[in-house]
Amino acid sequence: MIESLLVANRGEIARRIIRTAKRLGIRAIAVHSEADAGLPFVTEADEAVCVGPANPAQSYRNVEAILAAAKSTGAQAIHPGYGFLSENADFARTVEASGLIWVGPGADAITAMGDKINARNLMAAAGVPVAPGTTDPAADLDAAVAAAAEIGYPVMVKAAAGGGGMGMGVATDETALRTEYDKVRSFAERMFGDGSVLIERYFPRVRHVEVQILGLADGRVVALGERECSVQRRNQKLVEESPSPAVSPELRERFLAAAVRAGEAVGYRNAGTVECLLVPRQRDFEEDGAGSEEFFFLEMNTRLQVEHPVTELVYGVDLVEEQLRVAAGLAPTFDPDALAPRGHAIELRINAEDPKRFLPGPGAIKTWVEPTGEGVRVDSGYTEGNTVTPFYDSLMAKLIVSGATRAEAIERARAAVAAFDLTGPKNNLPFFAELLENDEFLSGDYDTGIVSRMR
């Protein structure tokens, strides 16, 4: 097993990785910005190194500073968490070229899945369903208009190099397409340094379902069930649950088989997620909530997901430990041929944001008392006395609840939300209290438009 691990991230995910590392007897090393010096992940690490000022480009995305920290502390491996450099193929290659172990998929897999158009084409070739869309970037507006006419409106205009719900727009006709194309292309060039645009069929009512995969050290790819991620604002997730209330046993088999094929197509190793769109038949959706058997590949996230804890609770595994074992060339702790889900788990992302408009609301934390009890887990990045700064993502903590059934998990979630005493920054706990009483959510028959309908 790896003996020393540098965590190239911050907040709750850094703290969560450090927790597993220390449980396994691995020396845990944190890197942090000047703004994060007092956060729990820094104080709980065995060693911590400041790698720059608050600006992420000068700290958490500063490759030279992170590698220098690894060298000075004698780190043997680097875990990138999610965000920042986690899906940067050049960083992965540089880490390995420096003689360090990269705790993640190979750089070639990251590169293959990093471009949405290339990923779509690879998946189609592997027999994974993809939505109607372009097989090459729409080189200019005329090409985008021609593609949309062939695909049929409405269409989604996407940044090919984008991710995390960023760089996307919907066009219902040619006039809207002309506006969205220019907007998405400009955003993509500014944010990702790549203005390539993908045109894809847009489904007005859809569910977002993803599959957790793990590429093992022996070359096998296994799937650890699906997660429902349809509670979103601005195409970004707020709630995830496993198993999905929309997925039948027969559909689950198809989902998992497609995800395994996706991983095998790129020789995937370590943890990753295959994200899909599940399209309900509109008539059935409106009359009786019956789901369609139609799903399409959306993208592959070549890293550990924010929502990985719901899979951990349902499958009884520690995915960070499994990541470390794969990186070290070791067998998993579980039997890949005997994976079976048990119970139900729900994750709520506690953000420093206005619960009505979801606008960021950073500030000093005056009170922070986490809920406890059976089936309640909190993965937090902050505690009382810390300050949520405006420099990073607004995620403060993840409240994860589990139970024998979905109904029991929801009851525990209600109690946990009510017991979470958090004052100082704005937070979205009131939104979750509302969601957990919403008839559409309680029925399990919801889609990605649920938040907009609540507002």
By per-residue mean of other Cβ atoms within 10 Å, what is the highest-first order of 369-377, 322-330? 322-330, 369-377
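Please state the shape class of the stretch 368-455: rounded when a/c is under 1.5, otherwise prolate if a/b exceeds b/c and oblate if not, all from the C-alpha gyration tensor. Working shown, then result.
Working: a/c = 2.31, a/b = 1.36, b/c = 1.70.
Here the stretch 368-455 falls in the oblate category.
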How big is the dipole moment of the chain about its Cα centre under a simple scheme where the beta carbon of each Lys and Arg is +1, that of each Asp and Glu is -1, and everything else is neutral? Debye, nearest 20, please. 800 debye
Name the long-range amide H neighbours of HIS32: under 5 Å, sequence gap of 5 or more, or other chain; modelled H, no Pro or chain starts. VAL49, CYS50, VAL51
Using a ≥ b ≥ c from the Cα gyration tensor of the stretch 132-201 (square roots of the eigenvalues), is it rounded, prolate or oblate, where a/c under 1.5 gives rounded and otherwise the larger of a/b and b/c decides, a/b for prolate? prolate
Calculated log₁₀ intensity ratio I(q)/I(0) where the Debye formula runs over C-alpha points of the chain, q = 0.06, 0.09, 0.12 Å⁻¹: -0.24, -0.57, -1.08
When a/c is below 1.5 the answer is rounded, else prolate if a/b is larger than b/c, else oblate, so apply that to the stretch 407-455 with a ≥ b ≥ c taken from the square roots of the Cα gyration tensor eigenvalues. oblate
Rounded to the nearest 0.05, what FRET efficiency do ARG357 and ASP218 have when you use their Cβ-Cβ distance and R0 = 56 Å? 0.70
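If R₀ is 51 angstrom, what is the calculated FRET efficiency for the pair GLU34 and ALA407, using the beta carbon separation as r and rounding to 0.05?
Working: r = 46 Å, r/R0 = 0.91.
After rounding, the FRET efficiency stands at 0.65.
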Note on the stretch 4-103: C-alpha Rg/Rh, Kirkwood Rh, two decimals, gives 0.92
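Quick check: net charge around MET156, other residues with Cβ under 11 Å of its Cβ, Lys/Arg +1 and Asp/Glu -1?
Details: positive: LYS116, LYS158, ARG201; negative: GLU180, GLU200.
It works out to a net charge of +1.
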What percent do you get for the relative contact order of the chain when only Cα pairs under 8 Å and 6+ apart count? 14 percent
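From the convex hull of the Cα coordinates of the stretch 37-89, what is the mean projected area in square nanometres?
Details: hull surface 15.9 nm².
Here the figure is 4.0 nm², rounded to one decimal.
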Taking a straight Cα-to-Cα line shorter than 25 Å from LYS22, and setting aside same-chain lysines fewer than 8 residues away, one finds LYS71, LYS398
Starting from the exponent 0.38 and prefactor 2.2 Å, build the expected Rg for the stretch 207-454 from its residue count and divide its actual Cα Rg by it. 1.02
By a straight-distance test (C-alpha under 24 Å), which lysines pair with LYS116 as possible cross-link partners, with residues fewer than eight away in the same chain excluded? LYS158, LYS183, LYS237
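Under the rule of -39500 (n - 2.57) per DSSP H run of 4 or more residues, summed and divided by the residues of the chain, what mean residue ellipticity at 222 nm is obtained, to the nearest 500 deg cm²/dmol? Please report the intermediate quantities before stating the final value.
Values: 16 runs with 157 residues, N = 455.
Mean residue ellipticity at 222 nm (helix-derived): -10000 deg cm²/dmol.
Each value in this text was obtained by applying a stated rule to the coordinates, not by laboratory testing. Nothing here was measured: the structure is a model prediction, and the numbers come from that model. As a convention, Cβ positions derive from the backbone with ideal geometry for all residues, glycine included, and neighbour counts pool all protein chains shown.
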